[in-house]
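What follows is a single structure, written as structure tokens, with notes after it.
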Amino acid sequence: MSVFISGGCRNGKSTWALRFAAAGPKPLYYVATMIPRDGEDRARVKRHQMERAGMGFETIERGTDILRAFDAADPNGTFLLDSVTALLANGMFPPGGVDLDAPRKIADELEAFVRRAPNAVLVSDFIYSDAALYDPMTEAYRAGLAMIDRRLAAACDTVLEAVAGQIIVHKGEFPL
Amino acid sequence: MILIIGGRYQGKLEYAKSRFGLSDEDIFTCDEAVDAINFDRRCVAYIDRWVLGRVRAGEDPAAILAASLDRMADAIVICTDISCGVVPADAEMRAWRDACGRVNAMLADRAGEVWRLFCGLPQRIK
């Protein structure tokens, strides 16, 4: 079963995603998309590693070309991809440049990812409800992520929103 | 009135168009420069942007709309939810957020249906 989960910061998305994925068919893969750039990022990676320690996940670090996550993985296992947000940031803002076509490419790749791996849990971030007017580049990133989110929501069996550690089911059934 | 809310880019207008068969002529699209909303159109889109323009003009958008509620009885109103970020450092953004919240609550109170869009998926919340 494919699950798309989004919600605000610190609302429990990643923790729930781990529980959903851990209940899926083995082997379990954690697809880490964030490319750490500083000490704060590395500390965050450590926290996430500790949180999933002992749950039986094999970590695949894949910040770009997401379909290469299958290079050495069994597509019939369960894949937890955390997060769509970081994947788009890597694609849209590569070192020394900007790729405005990245959202479309990544949406295509993630749709193919879900087709290839029937058991996938994908985590995104809900960054659409604050009172701010952003610069055009940030706005393009928000629009791009929302487009990817909506295509994944259409492609996945289950769509969930995490709010204060609770789960709202927008499509499909609660996965556990 | 039917109120459709949700974050930016969540598919509010697409939902209204497909559910009610709206054409572009049915939709009044607000921006900050619009001072008067055309209530003859079936759908008023992005009323939050009209609210921002009124806030900048030093007016009270909730009070203006309160006087127009009877003309909105059959309207489909779309409002972006901007209520979930950190309190904005900028006073104008704070005033915009406050005014939008009051407008949303007032419209939702009057509306027969309130829908919230999340990643393109509608959820009825009233």
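A short reminder: the numbers here are calculations on the coordinates, not readings from a lab. The structure presented is a predicted model; accordingly, all values stated were derived computationally and were not measured. A quick note on method: Cβ atoms are made from the backbone with ideal geometry, for glycine too, and the neighbour counts reach across all protein chains shown.
Among residues other than B:Cys100 whose Cβ falls under 9 Å from its Cβ, what is the net charge (Lys/Arg +1, Asp/Glu -1)?
Values: positive: B:Arg97, B:Arg102; negative: B:Asp48, B:Asp81, B:Asp98.
My count for the surroundings of B:Cys100 gives -1.
Please give the calculated 222 nm ellipticity per residue for chain A, where each DSSP H segment of at least 4 residues contributes -39500 (n - 2.57) and the sum is spread over every residue; nearest 500 deg cm²/dmol? Working shown, then result.
On the way: 5 runs with 68 residues, N = 176.
Calculated from helices alone, the mean residue ellipticity at 222 nm is -12500 deg cm²/dmol.
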What value in Å³ per residue do you get for the convex hull of the alpha-carbon atoms in the stretch A:2-171? 118 Å³
Listed by chain and number, the aspartates and glutamates with an alpha carbon less than 12 angstrom from that of B:Lys12, same-chain partners under 8 positions apart left out, are B:Asp81
By its C-alpha gyration tensor, with a ≥ b ≥ c as the square roots of the eigenvalues, how is the stretch B:17-70 shaped: rounded for a/c under 1.5, else prolate for a/b larger than b/c, else oblate? prolate
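Add +1 for every Lys or Arg and -1 for every Asp or Glu among the other residues with Cβ under 12 Å from the Cβ of A:Ala153, and state the total. Numbers along the way, then the final one.
Numbers: positive: A:Arg150, A:Arg151, A:Lys171; negative: A:Glu111, A:Asp149, A:Asp157, A:Glu161.
With Lys, Arg at +1 and Asp, Glu at -1, the net is -1.
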Based on the alpha-carbon gyration tensor of the protein assembly as shown and its eigenvalue square roots a ≥ b ≥ c, which shape applies: rounded if a/c is under 1.5, prolate if not and a/b is larger than b/c, or oblate? prolate
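What is the sum of charges, Lys and Arg at +1 and Asp and Glu at -1, for the other residues whose Cβ falls under 13 Å from the Cβ of B:Gly21? List each step's numbers first, then the result.
Working: positive: B:Lys17, B:Arg19, B:Arg42; negative: B:Glu14, B:Asp24, B:Glu25, B:Asp26.
My count for the surroundings of B:Gly21 gives -1.
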Residue-wise HN-Hα coupling along the stretch B:40-45, computed from phi with Karplus coefficients 6.51, -1.76, 1.60 (Hz; x: Gly, Pro): 6, 6, 5, 10, 10, 9
May I ask you to evaluate 6.51 cos²θ - 1.76 cosθ + 1.60, the Karplus curve with θ = phi - 60°, for each residue of the stretch B:67-82 and list the ³J(HN,Hα) values in order in whole Hz, giving x for glycine and proline? 7, 10, 4, 5, 6, 9, 4, 10, 7, 9, 10, 10, 9, 6, 7, 10
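Inside 10 Å of the C-beta atoms of A:147-154, what's the mean count of C-beta atoms belonging to other chains?
4
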